[in-house]
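Each value in this text was obtained by applying a stated rule to the coordinates, not by laboratory testing. No experiment lies behind these values; they were computed from the predicted model shown. In this analysis, Cβ positions are derived from the backbone assuming ideal geometry, glycine residues included, and neighbour counts consider all displayed protein chains.
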Ligand code: SF4
């Protein structure tokens, strides 16, 4: 377990980067709750969790480390109603502060400027406008953010550190369940009665925007239903 050294808004980025890299090494074998306890103690109110509302596992863990922790949700305007319902339920029953970020343009405004169904024609641009930019803006007040990335989800996530440096945003990125498997997630959900998106019980392995998400076919890995039929595997939030 690494020591907790509180930082402030004035802490230089190179110090934060050194801190993140050391914590990534020191906390590699720590539990998810220990990792989040370190993050909450180090960054205080300048630490948040991001959630796609696929499930509330990381939000639940973080609320144990820091009751009332900020949970940031990106409302792209393209979510399934079940995802918005999960967000509302998390807000209602958990000891967290849900913050909903929205893109600059509504879907109608984006359609007027770029034409309809941009997600079909240029999903990278659509994700940049509706996910990447709003998250960048929304993370401005924070020094560190937590994600639910897991190494077993896809080859692109296989080397995710439990704590690392997000060079693009110049922030510490915490992935407390990076070492978990789907069985670990299922066990935590069952043990703590954690809210999950109902679509996970309806054939979806991973839940994103409705136009870019489909149910899994037999034998597919959990993220195969995202941008199916395209080379795209990530929205750009974690690149
Ligand atoms: Fe657009 Fe699809 Fe990306 Fe959502 S996942 S922002 S609909 S391209």
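I want to verify a result. In a Gaussian network model of the chain, Cα cutoff 10 Å, which of these has the top mean-square fluctuation: 140, 76, 42?
140
Using DSSP, restrict attention to beta bridges with both residues in segment 13-197 and report what percent are antiparallel, rounded to the nearest 5. Write down the numbers at each step before the final one.
Values: 5 of 20 bridges.
Of all bridge pairs located within segment 13-197, approximately 25 percent are antiparallel.
Grab the alpha carbons of the chain, take their convex hull, and tell me the volume per residue in Å³.
So the per-residue hull volume is 121 Å³.
Sorted by packing (mean other beta-carbon atoms within 10 Å per residue), highest first, where do 26-39, 119-132 land? Don't jump to the answer; show the numbers that get you there.
Working: 26-39: 19.5, 119-132: 17.8.
Highest-to-lowest ranking by the protection proxy: 26-39, 119-132.
As a check on your grasp of the helix formula, calculate [θ] at 222 nm for the chain: sum -39500 (n - 2.57) over DSSP H runs of n ≥ 4, divide by the residue count, round to the nearest 500. Each step should come with its number before you reach the end.
Numbers: 9 runs with 82 residues, N = 239.
Helix contribution divided over all residues of the chain: -9500 deg cm²/dmol.
Sort 80, 47 by Cβ crowding within 10 Å, fewest neighbours at the top. Kindly include the intermediate steps, with their values, before the conclusion.
Details: 80 19, 47 24.
So the ranking, lowest neighbour count to highest, is 80, 47.
If we sort 175-187, 212-224 on the protection proxy, mean other Cβ atoms within 10 Å, highest first, what's the order? Could the numbers behind the result be given before it?
Numbers: 175-187: 18.2, 212-224: 14.4.
Peptide ranking by packing, descending: 175-187, 212-224.
Given 4 °C and 1.567 mPa s, how large is the Stokes-Einstein diffusion coefficient of segment 166-210 in µm²/s, with Rh as the Kirkwood radius over Cα pairs?
Numbers: Rh = 13.0 Å.
Result for D is 100 µm²/s.
To check my understanding: the extent here is largest minus smallest coordinate of the Cα atoms along each principal axis. What are those three numbers for segment 17-148, in Å, largest first?
48, 35, 24
Normalising by the residue count of the chain, find the relative contact order in percent from Cα pairs under 8 Å and 6+ residues apart. Present the calculation step by step, with values, prior to reporting the outcome.
Details: 399 pairs, mean separation 54.0, N = 239.
Across the chain, relative contact order equals 23 percent.
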